[in-house]
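The values are calculated or read from the model by the stated rules, or taken from the named source; none is laboratory data. If you're wondering where the values come from, they're calculated on a predicted model, not measured in any experiment. Cβ placement follows ideal geometry from the backbone for every residue including glycine, while neighbour counts extend to all protein chains displayed. When the accessible area is computed, the model is the full protein with side chains, heavy atoms only, and any ligands, DNA or RNA have been set aside. Shrake-Rupley method; radii C 1.70, N 1.55, O 1.52, S 1.80 Å.
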Amino acid sequence: MQLKNIPRWALWVILMLLFTASVGVCHGLLRNDRVYSVVQRWVKTYEMQRHDGTVSAYQVSKPYTRPNNENMLHFDAEHYQLIKKYLYLPPCPPCSYAFFPLFPLLWRLTHLGAIGISAVNWILFGLGMLLLLQLFKKVPRWEYLLLFCMPYLVIFMIPYTEALFFVCISLGILGFVKDRYWVYFLGFMLGAMTRSAGNIIVVAWVIVDVLNMIYSKGSLKRLVADITKHLLPVVIGIAAVVLFQHSHGAEHWFQYVVAQGEWGKELSLPVWPFTNWSVENESVTNPLLFILTIPALVWLGSVLIGGLRKNRQEKSALDTMQQLRILSVLFFVGNVLLALFTQKGCMYSLSRLLTCTPFFVFLLLDFANSEIKPLWKWMIGLFFVLAAVLCFNLFTYIGCWVVFLMLALVFYHSHMGQRVKLTACLITIFLNVLWTAYLFNNFLTGSWIFT
């Protein structure tokens, strides 16, 4: 059977299994003393150590760690596990209210350990990706490989909430494009109960609906109806979280906002140069910021100007894919702006907030399926050069290479021959396998560089 004759769902399942097996083999080999002794010069291993009340990550010369239900509970996973057991009540710390309840409730219902729920997460991510693939009538086979070039796939392999958010929002997006409002409603309501992304989604939808009114020369009444229709499931989802937390010990109605202050989040002016909790996270975050943010803002400005310049007699509402494209860019930009104005220049966790969402995956597939105008290619090319200069010291980390190669494939694949494109995909995936195994091991050892 030829590759092109394999059903898309079967091809996706096969590639997921191959990627999972590759990461597992890589991690397993590096758990072997002899193998690790050969490559330890190039492969860093960290370990969390406590001293005088402080916690730090130190580099050690140890092989990779075998996963178990205990060492799969570091960072946010520990909070989710406590919420699963105690539903925000003591011994959950006050900062637990920053984490939304749907994922720990799902975990509670499954009665699975940390490894089991991680496997469920990987399956949920796969299902979410299959839902997104339904948005496009034709997806070239090489783009399935492109999806495994995403630099933070490790997030979907651990007890974090991103996989559930991914499948819920993917379901909602599919319902929106297919004009199945109840599917959209269910997906976005559950997504709003999974992660504190509802504020960005609300603002993004309002902007999309205003732009749609400008393009279609619609009425204020229609605008209010569209905004209500799009925001209702998100508002209901957030209200459900607020009520659940308030009934389980929260002192304030919006305790999750207060709890986020534990990580130093507060309104502040942007600070330059950017800092981060880890160089690994910085190696993914900075290229994304420097290459995509300004072109995204320029593109949004061009969309607005295009609507304002339309002839008063001309009515042409944005179609669903155009609206989804704007929504996805706004979600990306919204996360960047929120970090800039609340985190005092520290871009911690931004890499996974940007990449591990259906909105980012939609943009990858959308741009890879679109003919990008030369002007935009030149602009993005200039920011590639700028990012390469600014991120020069980060090229010692595989994550930086993965981001640059992935974005080069997305924006410039039409200038590559079939063999060059396939080779670039395979090289990027190979690097991403090493990167994913590396990040996974640092999660197991509890080193701060993971975030």
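Quick notes
- Length gained on full extension, Leu382 to Arg34: 120.8 nm, using 0.36 nm per residue less the C-alpha separation.
- Ligands, DNA and RNA excluded, the heavy atoms of Val420 present near 90 Å² of accessible surface to a 1.4 Å solvent probe.
- Rg over Rh [alpha-carbon atoms, Kirkwood Rh] for the range 386-451: 1.06
- In the set [x] 24.0, 77; [y] 21.7, 63; [z] 22.0, 74, the label that goes with Rg and Dmax of the Cα atoms in Å computed for this structure is [z].
- Summarising the amide proton neighbourhood of Val60: residues at separation of 5 or more, or on other chains, whose placed amide H is nearer than 5 Å comprise Thr45, Tyr46, Glu47.
- Measuring with a 1.4 angstrom probe and ignoring ligands and nucleic acids, Thr285 comes out at about 0 Å² accessible.
- For the range 358-423 and the range 140-171, distance of Cα centres in Å: 18
- Within the chain, helix-based [θ] at 222 nm, where runs of 4 or more DSSP H residues each add -39,500 (n - 2.57), nearest 500: -21000 deg cm²/dmol
- Our coupling estimate for the range 254-263, obtained by passing each phi through the Karplus curve with A = 6.51, B = -1.76, C = 1.60 and θ = phi - 60°, is 10, 5, 5, 6, 4, 5, 5, x, 4, 9 Hz, Gly and Pro reported as x.
- Relative contact order %, the range 50-158, counting alpha carbon pairs below 8 Å whose residues are six or more apart: 26
- Estimated distance in nm for a label pair at Phe392 and Thr275, the labels positioned 7 Å out from Cα along Cα-to-Cβ: 2.4
- Against the criterion of solvent-accessible heavy-atom surface with a 1.4 angstrom probe, Glu282, Glu266, Glu371 sort, most first, into Glu371, Glu266, Glu282.
- Once the 1.4 Å probe is applied to the protein heavy atoms, the chain comes out at 46 Å² accessible per residue.
- Across the range 306-383, C-alpha contacts under 8 Å between residues 6 or more apart give a mean separation that, scaled by the residue count, equals a relative contact order of 29 percent.
- 19 Å reach of a label modelled at Tyr412, 7 Å along Cα-to-Cβ, counting backbone N of the range 109-143: 143
- Residue order by solvent-accessible surface for Arg352, Arg141 is Arg141, Arg352, largest first, with ligands and nucleic acids left out and a 1.4 Å probe.
- Distance between the range 205-257 and the range 45-82 - C-alpha centres, whole angstrom: 38
- Area accessible to solvent at Val258, 1.4 Å probe radius, in Å²: 80
- About its Cα centre, the dipole of the range 107-233 is roughly 340 debye, where the only charges are +1 on Lys and Arg Cβ and -1 on Asp and Glu Cβ.
- The dipole here belongs to the chain: it is taken about the Cα centre, uses +1 on the Cβ of Lys and Arg and -1 on the Cβ of Asp and Glu, and is about 1240 debye.
- Computed on the chain, with alpha-carbon pairs under 8 angstrom and 6+ residues apart, the relative contact order is 23 percent.
- Whole-Hz Karplus values for the range 329-334 come out as 5, 5, 5, 4, 5, x Hz, taken residue by residue from phi with 6.51 cos²θ - 1.76 cosθ + 1.60 and θ = phi - 60°; glycine and proline positions read x.
- Violating pairs (Cα-Cα greater than 26 angstrom) within the set Lys138/Lys229; Lys265/Lys377; Lys178/Lys221; Lys377/Lys421; Lys229/Lys265: Lys138/Lys229; Lys265/Lys377; Lys229/Lys265
- Across the accessible surface of the chain, with the other protein chains kept in place and a 1.4 Å probe, carbon and sulfur atoms take up 66 percent.
- Fully extended contour minus Cα-Cα distance, from His51 to Val120, at 0.36 nm per residue: 21.3 nm
- Protein-only accessible surface at a 1.4 angstrom probe places the residues Arg8, Arg41 in the order Arg41, Arg8, largest first.
- Potential extension, Ile372-Glu262 segment - 0.36 nm per residue separation minus Cα distance: 35.3 nm
- Amide H contacts of Thr275 (H built 1.01 Å from N, in plane; Pro and chain starts excluded): Cys346, Met347 sit under 5 Å, all sequence-distant by 5 or more or on other chains.
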